[in-house]
Structures are given as C-alpha cells and as structure tokens.
C-alpha cells in the first residue's frame, strides 16, 4: 500500500519519472483505458510524457486481494473533481526493485457527449426524410457541411460564434436523408479543414480506437472517429489534400474521395475549390459503395471489371518500411505491376499543390483569418500567414504545374488503376513532430488531388499491428466502378483468395 500511495501522489503531481519507476520495465507491462490498450513500458512512458497529467481526483475506497507474498491485486474507486465515479485496477508484483505495476486498467465516468468527436449530437439530430437503401444507418456530418437549422462551426469557436443557422441542408445531406439514413450529429473538424492531423487546439484530438493514444488523422477527424468508435455508420466528410484518405489509413477505415466535382459541394464550406471534394468513410467497403450508389452520378468513364493495377516504386518508397511492406504485400498478391518509368516529378507537384491550395485558402478565408489570428491555432495561423505572402506570379506558376500534372497523369494512367499508400506512416503518437509527416503525406495524396481523380482507400494492417491503408486511384468519372472493384478486392483479402 505504500507503493500504491506513492503511485497516486506521483499521478496527481505528474511526476513522470516516479510513475515510470513504479511501472514494471519490459515489453509485457500493460495499461488500458477507454481509448485502448498500451503494451510495453516504453509505450506507456511515451503516452505519459505528452499527456500533461491526469485529471484531479481522490481515492474513495481501496480493495486489496493478496495473491501470494509477491503478488497483489488492488482495485480503487476514484472520484474525479469534475464529478462521477471511476475505477482503477492494478496488478502489483514485488521484485528486486520493490513493488511495481505489471498490468493496470483505468475507467472514468462515461461522458454524455465526447466533445472531441462531436460538436452537437441527437437521437437522431435529424431523422431520415424517406425510406431507402440506407435505412437505419447513422451519419456523422463533418462540421463544414450545412445541416438545416444548425450553424457551421468549421472547427473554430470564433467562426461558430459568428455563424448563423443554415437555411437548408447541403444536397449531400438531403440525399442521405432521402435514402433512409439519419444524421446522428455534427462531428469535429480541424480549423477550416486545413490540417491532416486532427489535433484541434480548441476541442482536442478525437480518439483513435484502432491506435490508442495516437492521432486520429484530419481534417475529417470527427466523422472518422465517430465511425471507428461505432457512434456512426457513415462519416460524411471532405478531402482536399487527403482528409478522408489519411484518417481512413490511421483508423482502419474505408474511404472514398470522388472525382473532382462528381459530388455536389453546394452548402459545404470551401478551403481550396480547385481540390475540394465531398466524400465519405465507413467501416466496410460494401457500405462505402452503397453510399456511392446514393450520392454519385452515373460513371462517365469505362473501367474494365479486372483493370490493370499498377504502382510507382518512387511513391511506395515515400512510405515508412512497415507501411511499404503492407502495401507491397497486398499489391503482390493481386498482381499489381510496376510502371515502366517514374510517374512524374512528384515533389514538384506537391509544392505546386501546396502553393495553390494556400493561395485559394487565402482568397476564401484570408480576411477572416487575419482579423481572427489570435483565435487560430498556431499551425493553421502559420499556414495562413505563409500563404498570404504568395504572389500572383507564384500562384500562376503553381496553377500551370497543376494543369500540366493533371494532363500527364490522366494520359499516363489512362484506364489503369494506380495503387499507392494512402498515408506514408501509421498514426503518429500524440505529441510527435508532425511537420515531416505532413510533407511526406502530401507527396502521396497530391497525386489524386492535382489530377482530379477518384481514390478509394482500403484498410490494411502493418507488421506492428497498427492500421495503415492502400489507395486505388482510378480514371476520372469511374467512381462507381472503382468502388465495385475495391469491394471485390477487399472481399478477396477476407477470404484469402
């Protein structure tokens, strides 16, 4: 009990060194909570280093069960300062270093609403307007998309404060309601959708249940986490630079970024109209295609039932080894062929994409961002400030590079499907430096963006057990056929054929 109370004191003072000492070293030590299980002392220590301390609480009861002279189970009832009751269960072992925890589980009061995931939620928030193929399914709407009677918050409290209620549903919302789906609620986004991380400084990082204590991926972090947690079946989202593909990869979801312009963006707050698309995430590729049947127009391009699948070695090489291996194994099992030569100057395309995206973001929101600089998180504020210095000549050069890349990519790929990593890494840990990850990610995701092509992301698992994703980029206007192909490929993965 002396060791138990020493642990409790260290927890309340955020004495990370003492907490590390009281948790047993080695790869088998366990710590679990509502967000998932951490395995190994190093993983637990990394989580504590960036947590910023545990919520204040008091111990109201302890129960000790002696297993033998060197093992004891302690169950404590906790009372957080903010109210409610929680529990923690610890298995203690006595060794040469004294008593240490080898396994722990922590539970707190169940929140009525996880505000990291949702801005507003109902039961449902908006019921279906008709019966259809999506009967009974729940939709998490990204907080950029108009829901009648509700404001668009755009991931920023100052924006929300200045917004009025929307007069009508965005057409995509109306279509889902007419197909039988309910709107469960309005889910969080990164500020003005200008991020790939999901780490909103105002509302927190939505949890990633498939990769505990790692980032969720943005800017469609709220809809993605709602789907991953089982709070919703469909995440209605947007993808400008990868905001569907990245959270899908990080959380083991399926996602679709449509051909540019294929799905109406009316009633959706823009970021960079040259690249903005409205898409969706689901836990199952079959449902991904079913949503496509509701939202997508008829295909305007042919895609063979068994099209040529190709990959670019340079793009795959941008991924971390564990992701490249997972994508490579998936590709090899499906006969994906290597392109004869490099796809093109991807780094030049990435730079042009970033420049033009920033130029358009300033045209859309620069005046507001300048007036509310103090209300923006540091990362997004820095992006606006940097983009505001872009000259018209620089934007014109970037626009020319994007146009050239679009023509080249559509010619080189033709009616083939490009296979590439959806994101270059598994989800980074909370608190990690995300700048290098962002640049590497954009180098992969800009390919579909500059070309205006549809991209379906399917979930894979890396060697370390964390989720990652593979993206299939198809011809412009082949969305329905590409979704059907992805569904078949996902089914072969499940059956092992």
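Some notes on this structure:
- Matching residues in the stretch 266-287 - criterion: being outside any strand (DSSP E or B) and touching a residue at least 60 places away in the same chain (Cβ under 8 Å): 266, 267, 269, 270, 271, 272, 273, 274, 275, 285, 286, 287
- Within the stretch 226-237, the presence of at least one residue that is within 12 Å of residue 427 (Cβ to Cβ) and not assigned by TED's automatic domain parsing to the domain that holds residue 379 is confirmed.
- Within the stretch 288-323, restricting attention to residues that are out of contact with any strand residue (DSSP E or B) (no Cβ under 7 Å at 6 or more places or on another chain) and part of a helix (DSSP H, G or I), the residue that is surrounded by the fewest Cβ atoms within 10 Å (Cβ to Cβ) is 321.
- You will find that of 141, 120, the residue that is modelled with pLDDT of 95 or more and buried (at least 21 other Cβ atoms within 10 Å of the Cβ) is 141 and no other.
- Candidate set from the stretch 17-41 (those that are modelled with pLDDT of 95 or more and out of contact with any strand residue (DSSP E or B) (no Cβ under 9 Å at 6 or more places or on another chain)); member that is surrounded by the fewest Cβ atoms within 10 Å (Cβ to Cβ): 17
- Being farther than 26 Å from residue 429 by Cα and surrounded by 14 or more Cβ atoms within 10 Å (Cβ to Cβ) is not true of residue 102.
- Taken together, the criteria exclude residue 480 from residues that are in the same structural domain as residue 346 (by TED's automatic domain parsing), surrounded by fewer than 23 Cβ atoms within 10 Å (Cβ to Cβ) and in contact with a strand residue (DSSP E or B) (Cβ under 7 Å, 6 or more places away or on another chain).
- Hey, residue 153 under 21 Å from the mean Cα position of the chain (by Cα), free of Cβ contacts under 8 Å to residues at least 60 places away in the same chain and more than 17 Å from residue 280 (Cβ to Cβ) or not: yes
- Positions within the stretch 208-239 being assigned to a loop (DSSP other than H, G, I, E, B), in contact (Cβ under 8 Å) with a residue 60 or more places away in the chain, out of contact with any strand residue (DSSP E or B) (no Cβ under 7 Å at 6 or more places or on another chain) and crowded, with 24+ Cβ neighbours inside 10 Å, in sequence order: 215, 216, 217, 219
- So residue 427, is it more than 25 Å from residue 298 (Cα to Cα) and more than 26 Å from the chain's Cα centre (by Cα): no
- Residue in the stretch 184-194 that is surrounded by 16 or more Cβ atoms within 10 Å (Cβ to Cβ), over 20 Å from the mean Cα position of the chain (by Cα) and either outside the structural domain of residue 384 (by TED's automatic domain parsing) or closer than 24 Å to residue 467 by Cα (or both) present: no
- Residue within the stretch 55-70 that is within 29 Å of residue 229 (Cβ to Cβ), loosely packed, with under 13 Cβ neighbours inside 10 Å, in contact (Cβ under 8 Å) with a residue 60 or more places away in the chain and not assigned by TED's automatic domain parsing to the domain that holds residue 429 present: no
Listed here are the residues, each with its yes/no results for (1) over 14 Å from residue 192 (Cα atoms); (2) surrounded by 15 or more Cβ atoms within 10 Å (Cβ to Cβ); (3) under 25 Å from the mean Cα position of the chain (by Cα); (4) free of Cβ contacts under 8 Å to residues at least 24 places away in the same chain.
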{"site": "355", "(1), (2), (3), (4)": "yes, yes, yes, no"}
{"site": "360", "(1), (2), (3), (4)": "no, yes, yes, no"}
{"site": "374", "(1), (2), (3), (4)": "yes, no, no, yes"}
{"site": "378", "(1), (2), (3), (4)": "no, no, yes, no"}
{"site": "395", "(1), (2), (3), (4)": "yes, yes, no, no"}
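- Under the condition of being closer than 18 Å to residue 154 by Cα and touching a helix residue (DSSP H, G or I) at 6+ places or on another chain (Cβ under 8 Å), the residues counted in the stretch 276-307 number 2.
- Of the residues in the stretch 62-82, at least one is at pLDDT 95 or above, more than 26 Å from residue 464 (Cα to Cα) and not in a strand (DSSP E or B).
- Residue within the stretch 478-489 that is in a loop (DSSP other than H, G, I, E, B), in contact with a helix residue (DSSP H, G or I) (Cβ under 8 Å, 6 or more places away or on another chain) and under 20 Å from residue 240 (Cα atoms) present: no
- If you go through the stretch 240-261 and keep only what is assigned to a loop (DSSP other than H, G, I, E, B), surrounded by 24 or more Cβ atoms within 10 Å (Cβ to Cβ) and at negative phi, you end up with 240, 241, 243, 244, 253, 258, 259.
Results for (1) in a loop (DSSP other than H, G, I, E, B); (2) in contact with a strand residue (DSSP E or B) (Cβ under 6 Å, 6 or more places away or on another chain); (3) modelled with pLDDT of 95 or more, shown as yes or no for each residue.
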site: 94; (1), (2), (3): no, no, yes
site: 102; (1), (2), (3): no, yes, yes
site: 124; (1), (2), (3): no, yes, yes
site: 129; (1), (2), (3): yes, no, yes
site: 133; (1), (2), (3): yes, no, yes
site: 155; (1), (2), (3): yes, yes, yes
site: 176; (1), (2), (3): no, yes, yes
site: 185; (1), (2), (3): no, yes, yes
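- Residue 80 being under 26 Å from residue 208 (Cβ atoms), under 32 Å from the mean Cα position of the chain (by Cα) and loosely packed, with under 11 Cβ neighbours inside 10 Å: no
The values are calculated or read from the model by the stated rules, or taken from the named source; none is laboratory data. Owing to the predicted nature of the structure, the values given are computational and were not obtained by experimental measurement. Backbone-built Cβ (ideal geometry, glycine too); neighbour counts: all protein chains shown.
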